[in-house]
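Visitor: Sharing a structure, written as structure tokens. Questions coming.
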Amino acid sequence: MIKKLTAQDLKELLGELRQKFLVIAPFRVKQGRLTKVLYQPVKTNDQLSSIYFKEQPDASPKEYFLPRDDRLAEETAGADCQPEEWSDNPRLFLGVRSCDIAGIELFDDVFIENDFVDPFYQRRRENSLIIGYSCQEPADNSFCQEVGIDPLENENVPLMLYDAGEGFYLKVQDQELLKGFEILDMLQELPEAESSELEEIVTENRKNFSGDEFSLELELPFPEKEAFTSVDWEEATASCLGCGVCTFYCPTCFCFKFFWEEIEKNRAWDSCMFSLFTAHASGHNPRERQDQRWRQRLLHKFSYHPTNYQGSPGCVGCGRCVSKCPVNLDIRKVLNRVEKTLAGEGVKGNES
Amino acid sequence: MKVDNYLPREAEITKVVQETGINLNIKTFHLRFTDGEAMMEFQPGQFLMLTVYGVGEAPFGLACAPTTDCQEIIISVKETGKVTSALHELQEGDSVGIRGPYGNSFPLEKTSGKDVVFISGGIGLAPLRSLIDYVLHPDLRQDFGRVQMLQAFRSPEDMLYDYEQQRWENSPGTTVKYTIDRPCEGWEHCVGFPHDLIDEELDCQTEDTVYYTCGPPIMIKAVTNELVNLGIDPEDIITTLEMRMSCGLGKCGKCNIGHRYVCKDGPVYSYKELLEMPDEF
């Protein structure tokens, strides 16, 4: 089912959805001298006309699922303690691009597994509905197609929004997933569109995505031991400052630590870019040097994670780590180097 | 699906044993849960996450065996960082938090019916004790062959579990040898590093014997090298690793060695597995 909406229709639909959902959408936000596109909760219907789809948001919505810092509970609350209710309202994420959807799916793999469920993540995830957004042109430094992500279509979300210049198309992809959210009734009133109209737009937009200069040749996972030992990591990553910005902006980086405030047990993002990440109390550190930590970040995404999760890449190609790096250290260049070294070793990938 | 909320169960310290002289400061803590069920189910070689309330949390290998008469959780702790220092301040009757048990375990099936050799360095004896007490338990002793131990310590002052050693020495089919780094007056046992003593002091059979070793990383490396030199199959050499950990569940990312999480896929590995892993521990 495809619905055709004017900008006004979309505003009215969202206004209605706001009665049921906390709507979280991308906005242009001034931060000092910079203007950034950030996911923010919609507080009034007036704000709906300012929702801004045109650029890739500055950060993925990962902090809404795994907050930067999060109070878990009092540490004496016990192993049966349930996460507190944050809100009775379910949350609706509007305008999430394929790369960031893939980031959330990766979190699902990690935090809702057969042998392990993180109740804090699960509670937030189950309380969330995602409306995807079809990209019209590639974001700076992005290479999503090289890691198997289609920036224009995404079947893993129940609803997908397409920008048609004059208005929007909204594709209902999975009615099952919408059950319990009572959103279908609201869509009934809107006019239906032919799938050919939408296909035309997607085909036209797809032309903008053909110019990827970067390509990933090897199948994932990269062979672990060869990649670990044979690449000159020190030279490839020599400019790294170890600031960790890449990991904080990364939609797939989920590493964390606990911290305590008196009796409160909290969780915060942590980063493999920091030496303290792995430092033992004894002083021993398995990753003493920055290039060893860079190797960990790259191989976690292109070798270790795919090994543990049926070949699924640990990178969604959003390009943020490249754009945000203060010293322009580009993961694509490092990847090229890794591939070149592995090719020299006669490794075809996926054979470790 | 197993839900884990990262929050500990409360346990009471029922006994504190000062193991060593003040130079190394190792204490052994006996613990019981306070919520009615005093013990937990676990396997030799597993570890727990222990919370010192208001300070933090760290992983410790279990130093007790899951035998029928095991009434208390036992861990041995060397004062090293923030959590261990705070723990050393605690006394009988104080409360701590416990999560777990976590990780895989020593390969009991593989060891069953075979001779067992334990080579330890310092507090590396603690995690091995979970298997030593298992193998030497009167109800289970017949399931295993001859038992040999070589325990290394810096000095006589640094010896662990002197109150258990007599029992171990007297167990049927068991020999226990001790070594210290440097000669010392009144010491009647071996002197020197364990890897130099293996050939002489232990009867190292290449068949039907499983070798367990734990200690400082450098000692583990030296011992495994020596065992391999003596013709032991790397698959028959078992060790247990230590890493910094936050969650214990294979999520937080700190204990990664390659695609493996030491907290979940380990901490117990055979030397054969270690050879397949990137050298990052």
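The values are calculated or read from the model by the stated rules, or taken from the named source; none is laboratory data. Please read these numbers as outputs of a predicted model, since none were measured by experiment. So basically every Cβ, Gly included, is an ideal-geometry build from the backbone, and we count neighbours across all protein chains shown. These area figures cover heavy atoms from the full protein model, side chains too; ligands, DNA and RNA do not enter into them. Shrake-Rupley method; radii C 1.70, N 1.55, O 1.52, S 1.80 Å.
Visitor: Inside the range B:111-134, can you point out the residues that are touching a Pro at 6+ places or on another chain (Cβ under 6 Å) and either closer than 18 Å to B:Met49 by Cα or surrounded by fewer than 22 Cβ atoms within 10 Å (Cβ to Cβ) (or both)? Break it down into steps so the answer makes sense when it comes.
Guide: Kept after step one, since they are touching a Pro at 6+ places or on another chain (Cβ under 6 Å), are these residues of the range B:111-134: B:119, B:121, B:130-131, B:134.
Answer for the range B:111-134, where residues must be touching a Pro at 6+ places or on another chain (Cβ under 6 Å) and either closer than 18 Å to B:Met49 by Cα or surrounded by fewer than 22 Cβ atoms within 10 Å (Cβ to Cβ) (or both): just B:Ser130.
Visitor: When the range A:258-287 is examined, which residues are found to be over 26 Å from A:Gly319 (Cβ atoms) and crowded, with 19+ Cβ neighbours inside 10 Å?
Guide: In the first step, residues of the range A:258-287 are kept if they are over 26 Å from A:Gly319 (Cβ atoms); the result is A:258-267, A:275-276, A:278-286.
Selection gives A:Phe258, A:Lys265, A:Arg267, A:Thr278, A:Pro286.
Visitor: What about B:Thr224, is it away from chain A (no Cβ under 12 Å), in contact with a Pro (Cβ under 8 Å, 6 or more places away or on another chain) and of a type in the set (Val, Ile, Thr)?
Guide: Considered against the rule, which asks whether it is away from chain A (no Cβ under 12 Å), in contact with a Pro (Cβ under 8 Å, 6 or more places away or on another chain) and of a type in the set (Val, Ile, Thr), B:Thr224 comes out as yes.
Visitor: Let me ask another. Sort through A:Gln290, A:Gln310 and tell me the only one that's within 23 Å of B:Glu280 (Cα to Cα), more than 18 Å from the chain's Cα centre (by Cα), open to solvent by 30 Å² or more (accessible area, probe 1.4 Å) and more than 10 Å from chain B (Cβ to nearest Cβ).
Guide: Result of the check over A:Gln290, A:Gln310: A:Gln290.
Visitor: Moving on. Scan B:Asp233, B:Asp279 and give me the residue that is more than 20 Å from the chain's Cα centre (by Cα), at pLDDT below 95 and not aliphatic (A, V, I, L, M). Don't jump to the end; show me each part of the working.
Guide: Details: B:Asp233 fails: at pLDDT below 95.
Only one candidate qualifies: B:Asp279.
Visitor: So which of B:Ile238, B:Ile232 ends up being of a type in the set (A, V, I, L, M), open to solvent by less than 10 Å² (accessible area, probe 1.4 Å) and part of a loop (DSSP other than H, G, I, E, B)? Break it down into steps so the answer makes sense when it comes.
Guide: Numbers: B:Ile238 fails: part of a loop (DSSP other than H, G, I, E, B).
Going through B:Ile238, B:Ile232 in turn, just one is of a type in the set (A, V, I, L, M), open to solvent by less than 10 Å² (accessible area, probe 1.4 Å) and part of a loop (DSSP other than H, G, I, E, B): B:Ile232.
Visitor: Looking at A:Phe302 and the list (1) more than 9 Å from every other protein chain (Cβ to nearest Cβ); (2) among the aromatic types (Phe, Trp, Tyr); (3) more than 23 Å from A:Pro223 (Cα to Cα), which single condition is not satisfied?
Guide: (3)
Visitor: Would you mind telling me which numbered condition in (1) part of a loop (DSSP other than H, G, I, E, B); (2) of a type in the set (A, V, I, L, M, F, W, C); (3) within 14 Å of chain B (Cβ to nearest Cβ); (4) more than 15 Å from the chain's Cα centre (by Cα) A:Leu66 fails?
Guide: Checking A:Leu66 against (1) part of a loop (DSSP other than H, G, I, E, B); (2) of a type in the set (A, V, I, L, M, F, W, C); (3) within 14 Å of chain B (Cβ to nearest Cβ); (4) more than 15 Å from the chain's Cα centre (by Cα), the one that fails is (4).
Visitor: Can I ask one more? Just give me the residues in the range B:80-137 being over 16 Å from B:Thr209 (Cα atoms), among the polar types (S, T, N, Q) and in contact (Cβ under 8 Å) with a residue 12 or more places away in the chain, in sequence order.
Guide: Once the filter is applied, which keeps residues that are over 16 Å from B:Thr209 (Cα atoms), among the polar types (S, T, N, Q) and in contact (Cβ under 8 Å) with a residue 12 or more places away in the chain, the range B:80-137 yields B:Thr84, B:Gln91, B:Ser95, B:Asn104, B:Ser105, B:Ser120, B:Ser130.
Visitor: Give the residue, chosen from A:Phe111, A:Phe107, A:Phe93, A:Phe120, that is among the hydrophobic types (A, V, I, L, M, F, W, C) and away from chain B (no Cβ under 14 Å).
Guide: A:Phe93
Visitor: Separate question: Which condition breaks for A:Gln296 when tested against (1) of a type in the set (S, T, N, Q); (2) facing chain B (nearest Cβ under 7 Å); (3) open to solvent by 40 Å² or more (accessible area, probe 1.4 Å)?
Guide: (3)
Visitor: Filtering the range B:1-56 down to residues that are more than 14 Å from chain A (Cβ to nearest Cβ) and among the hydroxyl-bearing types (Ser, Thr, Tyr), which residue is surrounded by the fewest Cβ atoms within 10 Å (Cβ to Cβ)?
Guide: Out of the qualifying residues, it is B:Thr14.
Visitor: Looking at A:Gly32, A:Gly78, which one is more than 14 Å from chain B (Cβ to nearest Cβ) and either open to solvent by less than 60 Å² (accessible area, probe 1.4 Å) or modelled with pLDDT under 95 (or both)?
Guide: A:Gly32
Visitor: Tell me, please, whether a residue that is more than 11 Å from chain B (Cβ to nearest Cβ), part of a loop (DSSP other than H, G, I, E, B), in contact with a helix residue (DSSP H, G or I) (Cβ under 7 Å, 6 or more places away or on another chain) and closer than 30 Å to B:Pro59 by Cα can be found in the range A:260-276.
Guide: yes
Visitor: When both residues are 6+ apart or on different chains and their Cβ atoms are under 7 Å apart, which pairs have a first residue that lies in the range B:183-198 and is touching a residue at least 60 places away in the same chain (Cβ under 8 Å), and a second that is small (Gly, Ala, Ser)?
Guide: B:Pro194/B:Gly121; B:Pro194/B:Ala152
Table: residues versus (1) more than 14 Å from every other protein chain (Cβ to nearest Cβ); (2) of a type in the set (A, V, I, L, M); (3) assigned to a loop (DSSP other than H, G, I, E, B); (4) surrounded by fewer than 21 Cβ atoms within 10 Å (Cβ to Cβ).
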site: B:Phe60; (1), (2), (3), (4): no, no, no, no
site: B:Cys70; (1), (2), (3), (4): yes, no, yes, yes
site: B:Ser76; (1), (2), (3), (4): yes, no, no, no
site: B:Gly93; (1), (2), (3), (4): yes, no, yes, yes
site: B:Arg99; (1), (2), (3), (4): no, no, no, no
site: B:Glu109; (1), (2), (3), (4): yes, no, no, yes
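Visitor: Let me ask you something else. Across the range A:237-253, which residue is farthest from the other protein chains (Cβ to nearest Cβ) among those that are open to solvent by less than 10 Å² (accessible area, probe 1.4 Å) and within 20 Å of the chain's Cα centre (by Cα)?
Guide: Looking at residues that are open to solvent by less than 10 Å² (accessible area, probe 1.4 Å) and within 20 Å of the chain's Cα centre (by Cα), I get A:Pro251.
Visitor: For residues that are more than 13 Å from A:Asp46 (Cβ to Cβ) and surrounded by 20 or more Cβ atoms within 10 Å (Cβ to Cβ), tally how many sit in the range A:11-21.
Guide: Within the range A:11-21, residues that are more than 13 Å from A:Asp46 (Cβ to Cβ) and surrounded by 20 or more Cβ atoms within 10 Å (Cβ to Cβ) number 3.
Visitor: Take B:Met245 and decide whether it is more than 12 Å from chain A (Cβ to nearest Cβ) and under 27 Å from A:Gln292 (Cα atoms). Give the derivation first.
Guide: Working: more than 12 Å from chain A (Cβ to nearest Cβ): no; under 27 Å from A:Gln292 (Cα atoms): yes.
No: the conditions fail for B:Met245.
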